[in-house]
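First the structure, in the form of structure tokens, and then the observations on it.
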Amino acid sequence: MKWCCGVFKGWFDEAGNRGLSVVVGRNADGTPAFMLQHRSTEPDDDGPKDHPRPITLASEIQISYCPWCGCRLENVYRKSIDLMIRPGLRNSILEIR
Ligand SMILES: [Zn+2]
């Protein structure tokens, strides 16, 4: 697979770990959705037990352009979008209430 830049690939490879990453999905209308995601905990950590609720363990914001090289992501990844989608990484956006 061809990447727009090495930094984008590096953050894509971080998905699922604590901290920032890039995740990919599709919007309700089927268009590609590229997101910067932040996770507060490691994958096997349910978060703090004695903290007032709610707690957001992961959040994400959609982006259209690569923050590092400036390319339009939909144009670069149009043909490989389905190879980039890792469903479990988006389903685990958590809020503890
Ligand atoms: Zn890039």
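Bear in mind that the values in this text are calculations on the coordinates, not laboratory data. Nothing here was measured: the structure is a model prediction, and the numbers come from that model. Using ideal geometry, Cβ is built from the backbone for each residue, glycine included, and neighbour counts are taken over all protein chains shown.
When the residues of region 57-66 are narrowed to those that are touching a residue at least 24 places away in the same chain (Cβ under 8 Å) and surrounded by 13 or more Cβ atoms within 10 Å (Cβ to Cβ), which ends up nearest to the ligand (Cβ to nearest atom)? I'd like the intermediate steps shown before the answer.
Looking only at region 57-66, we keep the residues that are touching a residue at least 24 places away in the same chain (Cβ under 8 Å), and these are 57-64, 66.
From what is left, the residues that are surrounded by 13 or more Cβ atoms within 10 Å (Cβ to Cβ) are 57-60, 63, 66.
Details: LEU57: 27, ALA58: 23, SER59: 22, GLU60: 18, ILE63: 11, CYS66: 3 Å.
The selected residue is CYS66.
Cβ-Cβ contacts under 9 Å between residues 6 or more apart (or on different chains), taken from a first residue in region 1-21 that is more than 9 Å from the ligand (Cβ to nearest atom) to a second residue that is among the acidic types (Asp, Glu) and part of a helix (DSSP H, G or I), are listed as SER21/ASP13.
Looking at VAL24, is it in contact (Cβ under 8 Å) with a residue 60 or more places away in the chain, within 19 Å of CYS4 (Cα to Cα), assigned to a strand (DSSP E or B) and hydrophobic (A, V, I, L, M, F, W, C)?
Numbers: in contact (Cβ under 8 Å) with a residue 60 or more places away in the chain: yes; within 19 Å of CYS4 (Cα to Cα): yes; assigned to a strand (DSSP E or B): yes; hydrophobic (A, V, I, L, M, F, W, C): yes.
Yes.
There is at least one residue in region 56-66 that is small (Gly, Ala, Ser), under 17 Å from MET84 (Cα atoms) and either in contact with a helix residue (DSSP H, G or I) (Cβ under 6 Å, 6 or more places away or on another chain) or part of a loop (DSSP other than H, G, I, E, B) (or both).
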